[in-house]
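The values are calculated or read from the model by the stated rules, or taken from the named source; none is laboratory data. Since the model is a prediction, treat every value here as computed from it, not as a measurement. Backbone-built Cβ (ideal geometry, glycine too); neighbour counts: all protein chains shown. Remember, those area values only see protein heavy atoms, side chains included, never the ligands or the DNA or RNA. Shrake-Rupley method; radii C 1.70, N 1.55, O 1.52, S 1.80 Å.
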Amino acid sequence: MKWYLHVLKNYATFQGRATRKEYWMFVLFNFIISCVLSAIEFMTEKPMFLLTIYVVAVFIPSLAVTARRLHDTGRSGWWQLISIIPVIGSIWLLILLCLGSESQVNRFNVPNKVA
């Protein structure tokens, strides 16, 4: 949970680096919260109002942490746009997000300590 809150505290910080653990823990908590909200809305038979608000609220933090994750692999945050390409782009972005961190200083910041 601390990784999720850390990302939300840095919600619009596109500079720096994010470790794999920070990124994937944020993704995991996003998935869990989305599933819980969807289940609540399904059981109450209400339109997807809560889930929509949640998705809009975490949109910018998601972009920021993805950019920082790409920085950690030595790539620009603009690589997120590769996901526009159907199927292949999303697979390629997933591969980039799974790559290990650069251990040396890169153009984006000092290396993160791998936790």
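Looking at F42, is it modelled with pLDDT of 95 or more and either touching a Leu at 6+ places or on another chain (Cβ under 7 Å) or open to solvent by 80 Å² or more (accessible area, probe 1.4 Å) (or both)?
no
I'd like the full set of residues that are closer than 15 Å to V58 by Cβ and open to solvent by less than 80 Å² (accessible area, probe 1.4 Å), limited to region 7-17.
Hits for region 7-17 are V7, L8, N10, A12, T13.
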